[in-house]
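J.: Dropping a structure here in structure tokens format, bear with me for questions.
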Amino acid sequence: MKIQATTQQIEKIKTDLVAVLLTKEEADQKTTKTEWEKQVVQAKDFHGESGSSSVLYNIGALTSPRVVLVGLGDQKKCSLEEIRKGAAVAIQTARALNIETMSIVFPHALKSEADVARVLTEGVVLGNYSFSKYKTRDPKDKDLKEVSILADGTTIRAAITNAQTVCANVNMVRDLANENADEATAVNIAQTAARIAKETGIKCTIFDEKKLKSMGMNLICAVNQGSAVPARMVILEYAGDPRSSRKVALVGKGITFDSGGLNLKPTGSIENMKEDMSGAAIVLGTLKTCAELHIRKNVIGILPLTENPIGSRAYKPGDIFKSYAGKTVEIANTDAEGRLILADALAYTTSVMKPDFVVDVATLTGMAQYTFADVVIAMMTNNSVLGQKMRNAGEKTFERVWELPIYEEYKEHVKSDFADLRNSSKSKYAGTITAALFLQEFVNNVPWVHLDIAGVSWGEKNSKYLPMGATGTGMRLLVEFLQS
Ligand code: BES
Ligand code: MG
Ligand code: ZN
């Protein structure tokens, strides 16, 4: 799909559909300026309610055959998110009507043109996504080929291009997480990362299973033990500011399928576990975006990748392993595997790569979903300044984060009788927090933010610009966080 700004007039443009996003006040306006507005606003069943839409045909003043009116709700309450959602409604109307070209009137409900252009594009590109690779295509089906935004100016154009790059990469993250686990394996994801790195000028190093073993990344190797596919760790280095020695590290959980291991997940919990590499996909998408947008930051991406399989050779509860950091870990539950691979990856990142700070992103605990459902990302951090920055980035992208405390008292939960640490708490409470406390043992006191995306990474149904299946939520957050 091509998306572009055009200076063509709405009366003259001939696309299959024209979308107009209106607040309640705009929809009920009695004194409209132009003829087309008068004709469109006369639609009796449309009052600009948030989430509402109405399709009209053969408006005399327009060349395009159809118009979709999309409601933005009260003018006073209208936010950028409202426009993002409105654009997605417009796109979904176009898809439902099976048409190929559409234009969108630039909404004037909000002042900042650059922000409006950005969220409009986000709604369009993210809302146009569906995972259709494995569906037999109906020969009558058409793809939306072209979306024209009726607006002008270099700021608007730049905002559209930028947002398009970001969102195309969010859609790539979604594709990776939706892909069959036997396709998106550790080896194949590492290969994909290497290809992307080559195309975008990012340095890429891949540790294979032998290297991981010889380095003492025994926690990653333990999780991988029963797998037919060997583990990988990918290190991406993007030098966007070569004159500076400052660098940020991003670490993403890359479990290509989480069966739970011998502590096997039951029916009802196992079905979507191909998405357990969403964190790694997000880190890859973020690095790609940094390179494509020439973001002036040095960013490192670390992707520990392995399946968590069941089988006769799989690692076992009760086993004790020595981590890369030297601390020993008792396996209390083979389903608490994410923190194991992240522990080795974080220890390596902080001790060898020596970043100024590190962010990890992981589908880590089902408890995050119990706490926040699919609305908020759980954040835990040892640095309040970074935490505040992440919160701001969350508000701007609407990938909102909320902090949970990692107080000393919780440390009791990750202490083991036979090893330095245990990977799962004895208590059934505060699982999201205790997982973070486990990770904190491996960050070498480097300023660190942990994002638990288990609640937001998968959608149960299509919802505006968020699709059913993998959502890619967290990638726009990281890009905004790096840019701010
Ligand atoms: N990958 C899961 C967490 C998860 C759950 C992600 C639901 C997405 C949706 C993780 O590896 C896991 O199994 N966590 C366990 C930890 C427990 C054994 C301490 C959990 O949350 O139950
Ligand atoms: Mg698990
Ligand atoms: Zn997992």
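The values are calculated or read from the model by the stated rules, or taken from the named source; none is laboratory data. Computed from a predicted model, the values in this text were never measured in an experiment. Using ideal geometry, Cβ is built from the backbone for each residue, glycine included, and neighbour counts are taken over all protein chains shown. Ligands, DNA and RNA are excluded from the accessible area calculation, which covers all protein heavy atoms including side chains. Shrake-Rupley method; radii C 1.70, N 1.55, O 1.52, S 1.80 Å.
J.: When the accessible area of the chain is split by element with a 1.4 Å probe, what percent falls to carbon and sulfur?
T.: It is 49 percent, rounded to a whole number.
J.: In the range 369-420, which trypsin sites (Lys or Arg not before Pro) fall in coil by DSSP and have 16 or fewer other Cβ atoms within 10 Å?
T.: Here the trypsin sites (Lys or Arg not before Pro) that fit, given the DSSP loop and packing criteria, are Lys415.
J.: Can you tell me the 0 to 90 degree angle between the C-alpha axis of helix 431-440 and the longest principal axis of the chain, rounded to 10?
T.: 60
J.: Would you pull out the residues with amide H under 5 Å of Asn382's amide H, same chain only if 5 or more places away, H placed 1.01 Å from N?
T.: Trp448
J.: I'd like to know how the range 343-403 sits against the 2.2 N^0.38 Å rule of thumb: what's its Cα Rg over that expected value?
T.: So the range 343-403 has a normalised radius of gyration of 1.25.
J.: So for the chain: antiparallel DSSP bridges make up what percent, rounded to the nearest 5?
T.: Once the DSSP bridges in the chain are tallied, antiparallel ones form about 40 percent.
J.: What is the calculated FRET efficiency for Ser484 to His47, with r their C-beta to C-beta distance and R₀ = 45 Å, to the nearest 0.05?
T.: It comes out at approximately 0.75.
J.: Additional query: For each pair in Lys253/Lys464; Lys210/Lys265; Lys213/Lys316; Lys253/Lys461; Lys135/Lys288; Lys247/Lys288, compute the distance between the two Cα atoms and list the pairs where it is over 20 Å.
T.: Correct reply: Lys253/Lys464; Lys210/Lys265; Lys253/Lys461; Lys135/Lys288.
J.: Given labels modelled 7 Å from the Cα in the Cβ direction, how far is it in nm from Glu100 to Lys297?
T.: According to this spin-label approximation, the distance is 4.1 nm.
J.: With a 1.4 Å probe and every protein chain left in place, work out the accessible area per residue of the chain in Å², rounded to a whole number.
T.: 43
J.: Further question: Length gain on complete extension for the stretch Ser312 to Asn444, per 0.36 nm per residue less the alpha carbon to alpha carbon distance?
T.: 44.0 nm
J.: Quick check on my link table: of Lys203/Lys354; Lys24/Lys77; Lys44/Lys76, which ones sit more than 19 Å apart, alpha carbon to alpha carbon?
T.: Lys44/Lys76
J.: So, one more: Which value, in Å² rounded to 10, gives the accessible area of His413 with a 1.4 Å probe and all protein chains present?
T.: 50
J.: Across the Cα atoms of the chain, what radius of gyration and what greatest pairwise Cα-Cα distance (Dmax) are found, in Å?
T.: Cα radius of gyration and Dmax of the chain are 24.0, 80 Å respectively.
J.: Using label points projected 7 Å from each Cα along Cα→Cβ, tell me how many nm separate Gln9 and Ser463, to one decimal.
T.: Each label point lies 7 Å from its Cα, and together they span 4.3 nm.
J.: What are the radius of gyration and Dmax of the range 2-148, computed over its Cα atoms and given in Å?
T.: According to the Cα coordinates of the range 2-148, Rg and Dmax are 15.0, 51 Å.
J.: On to the next question. How much length, in nm to one decimal, is gained on full extension between Arg137 and Glu113, taken as 0.36 nm per residue of separation minus their Cα-Cα distance?
T.: 4.8 nm
J.: Over all directions, what mean area does the Cα convex hull of the range 148-289 project, stated in square nanometres?
T.: Answer in nm², one decimal: 12.1.
J.: Please return the longest stretch of the chain lacking exposed loop sites, where GluC sites (Glu not before Pro) count only if DSSP places them in a loop and at most 16 other Cβ atoms lie within 10 Å.
T.: Longest gap between qualifying sites, sites excluded: 272-459.
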